[in-house]
Structure formats: C-alpha cells, structure tokens
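Okay, so here's the structure we're looking at.
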Protein chains: 2
Amino acid sequence: MSKVRVHNFAISLDGFGTGEGQTQDEPFGHADHRLHQWMIGTRTFRGNEEGGGTGVDDAFTAAYWNGIGAEIMGRNKFGPQRGPWADHEWRGWWGENPPFHTPVFVLTHHPRPDLEMEGGTTFHFIDATPEEALEKARAAAGDLDVRIGGGVDTVRQYLAADLIDHLHVVVVPILLGRGERLWDGLEGLEDRLAFESVTAPSGVTHIVGTRR
Amino acid sequence: MSKVRVHNFAISLDGFGTGEGQTQDEPFGHADHRLHQWMIGTRTFRGNEEGGGTGVDDAFTAAYWNGIGAEIMGRNKFGPQRGPWADHEWRGWWGENPPFHTPVFVLTHHPRPDLEMEGGTTFHFIDATPEEALEKARAAAGDLDVRIGGGVDTVRQYLAADLIDHLHVVVVPILLGRGERLWDGLEGLEDRLAFESVTAPSGVTHIVGTRR
C-alpha cells in the first residue's frame with residue numbers, strides 16, 4: 001500500500017511549527033521565514049539554479065517530491081482566511097503554478113469549487129475527517145504516496161490517528177515562544193515511529209520517524 | 001569572571017525535562033530513566049569501568065565536572081518532599097558520597113542546616129533569588145565555574161534571567177507528553193545563546209548554547 005509521508009516540516013527548538021498571527025503577508029506569523037531559511041538556500045528550492053547548496057539540507061528538500069501522487073493540507077496552509085469564503089479570488093500563496101503538481105485536498109468546513117492550476121496541481125476543497133480525506137487522496141494518488149503537507153494541526157491530527165508512515169521534521173535552533181506546537185498530545189509516539197536524527201552544517205537537525 | 005554552566009540536561013523531543021508525578025522511587029516521574037539512558041552507558045558514568053562507551057555521549061558526560069567549583073539546584077532535584085521539612089532524615093538521592101564534590105546550594109523556601117557529605121559535597125539550603133544564590137555560589141567556587149544543576153524550573157529561571165553562559169541540552173527521541181517543559185517563555189533565546197548541535201550514535205542530539 002502507498003505510504004503517508006510528511007516532509008520538510010520545520011519546527012523551532014521549542015516545538016512550534018508556525019508562529020502567532022498568520023496574515024496574508026506573514027503566512028507563518030511572527031516566525032516570518034526563520035523556520036525555512038535552511039531550505040531556501042538549497043539547489044532544489046532554487047529550481048536547480050547555480051549556487052544553491054547540495055548537501056544534507058538539499059537531499060531532504062528534494063525527497064519531498066519523490067513518488068508523491070497527492071497532498072492533503074489544512075485550510076490554514078492554503079490561505080489566511082477563516083470561516084465562510086467571502087469570494088473565491090484567493091488561489092493559494094504559490095501563484096498560478098504551485099509546487100505540488102498533483103491533486104491537493106484542502107480540509108475545510110467550507111468547501112468551494114475545485115481549483116485547477118498550472119503544472120498539474122488541482123485543489124479539491126473537502127469537509128472530511130482525516131481518514132476520509134486520506135481515502136480520497138489515496139484513490140487520486142494511485143500507486144504513489146500521499147503527502148500530509150501541514151499545517152501544524154493537520155500533521156498532528158494525522159499523527160494522533162496513527163496514519164503517518166514517514167515523518168520528516170526539521171528542528172531549527174530558534175525559540176519562537178508562541179504559535180502552534182507540533183508535538184502536543186503525542187505521548188509515546190516513539191512506540192509507533194522509530195526516530196533517527198542528523199544535524200546539517202546549516203545548524204538544523206533533521207529528524208526522521210519511520211513506522212516500526 | 002567564572003562561567004555559569006548547564007550540563008547533560010536531558011529533555012524529550014517534546015521538550016519535557018522531567019515527567020509527571022515525582023516520587024522517591026521515581027525522581028523523574030513517568031519519564032523513569034528514559035531521559036538518561038544515553039548517559040548511563042558511558043564510561044564516565046560507570047566510574048571508568050571497562051566496557052562503557054567512550055564516544056560523543058561520553059565526552060559530553062565528562063565535561064560536567066571540568067572546572068566546576070559549586071552547583072546550584074532546585075529543591076525538587078534534591079528530593080521529592082514539598083513544603084516544610086517533616087524531619088532532616090533525607091540526604092538526597094545520591095547516597096553518602098554524591099557526585100558533586102563541591103558546595104551545592106539548594107534553593108528552597110524552607111532552609112535547614114548545612115549537610116556535609118563525603119567526597120567534598122556540602123549541601124547549603126538557602127531561600128534566595130537566582131541572582132542571590134549565584135552570588136553565594138560564585139564566592140564558594142573561587143576561580144572555578146558554577147553549574148546550574150536543575151531541575152527544569154531552576155534552569156529555566158536562570159535562562160530567563162540571562163545568567164547562563166553555557167547550556168548543554170540533550171534531546172532524547174521520546175515523547176513524554178506531560179511534565180515540565182524547559183523552553184517555555186524563552187522566545188528569542190537564540191539572540192543571547194549561539195546554538196550548535198551534534199547527533200550521537202545513541203540517537204540523542206546534543207545541543208550546546210554559548211553566550212554570544
């Protein structure tokens with residue numbers, strides 16, 4: 001069966017996967033871009049242009065696309081709006097060619113029509129439990145894997161439901177102090193996922209959890 | 001001036017430096033010995049007996065004693081009792097020859113007479129602010145450094161007061177889910193401490209913060 005994977009999910013040393021106060025200008029609130037600096041410098045992130053890093057951080061960054069056939073994301077990853085949609089103008093943070101290139105299922109209590117973008121990404125807005133969304137995503141992914149794309153609450157829900165096979169978390173040595181914590185309510189997760197860690201010269205620590 | 005140092009301070013992946021429910025049999029509550037397995041296997045911890053590990057974990061373990069002239073600890077590190085002392089029978093968790101071998105200042109609202117142990121350790125019980133305790137410890141340490149020995153709340157107080165020069169934290173890949181968190185209320189600590197990290201084959205990640 002296809003795997004359910006989380007990739008490049010960055011948290012602060014004190015466990016916050018995003019800061020406080022998401023707005024359209026600040027998708028990660030007061031965390032700004034600090035959780036993702038390690039990735040921004042990689043060759044993969046820069047579209048393989050010259051000068052990007054090709055070390056540990058790049059290897060992890062690139063694994064994000066390997067064999068993924070669909071993504072599931074929470075609505076707060078898709079946009080800063082809350083509650084019913086005022087209109088359908090918002091098309092995500094990523095421009096007309098988002099970096100997913102697969103079907104993307106957006107979990108929301110306020111569905112809206114599918115949104116077909118360039119490059120193979122189509123956003124499907126569904127009001128569903130984690131299990132129901134995963135069933136749809138698996139069907140869309142075929143033999144390929146499903147990525148749980150975030151945000152924090154979505155990843156935590158899938159971890160709590162024991163639906164994650166591969167968890168890649170990146171610990172960034174900053175203390176955000178406030179925001180949303182990834183690890184809350186997951187006591188004993190090490191009984192389900194075997195953890196490995198490796199530090200990168202950028203200063204981050206990559207943690208990989210693999211289903212036992 | 002002498003430095004103020006924290007060594008071998010273990011926390012879970014979700015940031016807990018101790019579990020819930022400290023008792024005389026379980027100094028770390030439901031965490032049991034799981035936060036310290038990495039250290040128990042080292043040659044240093046085993047009193048240099050044959051067969052102990054001599055790698056990364058051992059190097060960090062041994063640095064605990066380098067040039068330390070006094071320790072400050074919270075009362076909950078000294079014992080499981082709370083409130084006024086019923087008697088003075090309790091002499092710490094460590095037997096008659098505790099592993100400190102220096103004066104140790106125990107922060108408590110309930111002072112009791114000094115306790116002179118074997119091997120150079122004397123416990124002084126003082127009702128003092130972190131700053132006041134540090135002044136006493138520095139005087140006792142002479143040219144040597146002062147160790148902040150824990151528990152969680154004591155280390156966090158000294159970090160909040162910006163009194164720590166060297167912070168060694170060990171992240172153990174387990175999720176305790178409950179207990180006392182080390183990093184709470186320390187937003188922006190990276191502006192005061194520069195962090196380095198290294199993983200050890202045991203699976204833990206050593207993090208060192210050095211005053212900028």
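Here, each number is a calculation from the coordinates, and none is a lab measurement. For clarity, every value in this text was computed on a predicted model and none was experimentally measured. Don't worry about glycine lacking a Cβ; one is built from the backbone with ideal geometry, like all the others, and counts go over all protein chains shown.
Taking 0.36 nm per residue of separation and subtracting the Cα-Cα distance, full extension of the segment from residue A:24 to residue A:118 would add 31.7 nm. The relative contact order of the stretch A:15-136 comes to 17 percent, based on Cα pairs under 8 Å that sit 6 or more residues apart. A label point on residue B:114, set 7 Å along the Cα-to-Cβ line, lies at 8.0 nm from each of its counterparts in the other copies, closest listed first. Ranking B:113, A:47, B:94 by how far each Cα lies toward the positive end of the dipole of the protein assembly as shown (charges on Cβ) leaves A:47 at the top.
To the nearest 20 debye, what is the magnitude of the charge dipole of the protein assembly as shown about its Cα centre, counting +1 on the Cβ of each Lys and Arg and -1 on the Cβ of each Asp and Glu?
Approximately 160 debye in magnitude.
Shape analysis of the stretch B:1-91 yields a ratio of the Cα radius of gyration to the Kirkwood radius, Rg/Rh, of 1.01. Summary of the geometry: the stretch B:20-39 and the stretch A:1-64, compared by the centres of their Cα atoms, lie 35 Å apart.
Extents of the stretch A:90-165, taken as max minus min of Cα coordinates on every principal axis and listed largest first, are 34, 29, 19 Å. For chain B, the calculated P(r), taken from all Cα-Cα distances in 5 Å bins from zero up to the bin holding the longest distance, is 1, 7, 14, 19, 22, 19, 12, 5, 1 percent. Distances between copies at residue A:26, taken between label points 7 Å from Cα along the C-beta direction, are 4.1 nm in increasing order.
Pairs of Cα atoms nearer than 8 Å and 6+ residues apart set the relative contact order; for chain A it is 30 percent. Between the stretch B:66-102 and the stretch A:90-127, the alpha-carbon centres lie 59 Å apart. Across the identical copies, the label point of residue A:97 (7 Å from Cα in the Cβ direction) is separated from its matches by 7.2 nm, in order from shortest.
Taking every DSSP bridge with both residues inside chain B, close to 45 percent are antiparallel. Largest mean-square fluctuation among A:174, A:11, A:72, in a Gaussian network model of chain A whose springs join Cα atoms under 10 Å apart, belongs to A:174. Of the residues B:152, B:188, B:134, the one whose Cα sits farthest toward the positive end of the charge dipole of the stretch B:120-195, with +1 on the Cβ of Lys and Arg and -1 on the Cβ of Asp and Glu, is B:152.
Each 20 Å bin, from zero up to the one with the longest distance, holds this percent of the alpha carbon pairs of the protein assembly as shown: 24, 50, 22, 4.
Here the spin labels are modelled as points 7 Å beyond Cα on the Cα-Cβ line, and at residue B:143 and residue A:82 they lie 6.0 nm apart.
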